[in-house]
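The values are calculated or read from the model by the stated rules, or taken from the named source; none is laboratory data. Predicted, not measured: the structure shown is a model, and the values here were computed from it. As a convention, Cβ positions derive from the backbone with ideal geometry for all residues, glycine included, and neighbour counts pool all protein chains shown. Quick note on the areas: whole protein, heavy atoms, side chains included, nothing else; ligands and nucleic acids left out. Shrake-Rupley method; radii C 1.70, N 1.55, O 1.52, S 1.80 Å.
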Amino acid sequence: QVQLVESGGGLVQAGDSLRLSCVTSDPVFVEHWFAWFRQAPGKEREFVASFRGTGDAIYSDSSKGRFTISRNVRKRTTYLQMDSLEPADTAVYYCAARDPDRGAFSPNDYKYWGQGTQVTVSS
């Protein structure tokens, strides 16, 4: 019954910033680990960022130094702050949640998914 709703995507120019939000209906927000994935046309869904069970953040190589994942437990919301956006970042971005005993990098480890929000970065 966990529902995830993403927002914050849009059309921006290279070098701009966006902040994506993921709100869950789950009243026990802290019992799941949250992550962001993205998928471009014709590409596999790829890992972007997530939290470890300890609360530490992990990132893909392309995200390090530019993207920041954060959360507000009381608002049941996970954020992805994206700075210095590039055309290669253009994709549908998905919020996902996994049980705490699963891995972090594979889409197959995640039990719940949002419908995605489109991010388009022009040159």
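Here Ala97 meets each of (1) modelled with pLDDT of 95 or more; (2) within 15 Å of the chain's Cα centre (by Cα) with one exception, condition (1).
Quick check on Leu20: is it assigned to a strand (DSSP E or B), surrounded by fewer than 16 Cβ atoms within 10 Å (Cβ to Cβ) and either among the charged types (D, E, K, R) or in contact (Cβ under 8 Å) with a residue 40 or more places away in the chain (or both)? Answer is no for this residue.
On inspection, Ser62 fails the criterion of being at pLDDT 95 or above, open to solvent by 40 Å² or more (accessible area, probe 1.4 Å) and in a loop (DSSP other than H, G, I, E, B).
Among the residues of region 104-123, those that are in contact with a Phe, Trp or Tyr (Cβ under 9 Å, 6 or more places away or on another chain) and either assigned to a loop (DSSP other than H, G, I, E, B) or among the β-branched types (Val, Ile, Thr) (or both) comprise Ala104, Phe105, Ser106, Tyr110, Gly114, Gln115, Gly116, Thr117, Val119. Considering region 23-43, and only residues there that are open to solvent by 20 Å² or more (accessible area, probe 1.4 Å) and of a type in the set (Gly, Ala, Ser), the residue that is farthest from the chain's Cα centre (by Cα) turns out to be Gly42.
The one condition from (1) in a loop (DSSP other than H, G, I, E, B); (2) open to solvent by 30 Å² or more (accessible area, probe 1.4 Å); (3) in contact (Cβ under 8 Å) with a residue 24 or more places away in the chain that Arg71 does not meet is (1).
Tallying residues that are basic (Lys, Arg) and buried (at least 19 other Cβ atoms within 10 Å of the Cβ) within region 74-106 yields 1. State whether one or more residues within region 43-57 are over 15 Å from Val121 (Cβ atoms), touching a Gly at 6+ places or on another chain (Cβ under 9 Å) and not β-branched (Val, Ile, Thr). No, that holds for no residue.
Look at region 35-50: where a residue is closer than 21 Å to Arg71 by Cβ and a partner is among the aromatic types (Phe, Trp, Tyr) and open to solvent by 70 Å² or more (accessible area, probe 1.4 Å), sitting 6+ places away or on another chain with Cβ atoms under 6 Å, you get Phe47/Phe105.
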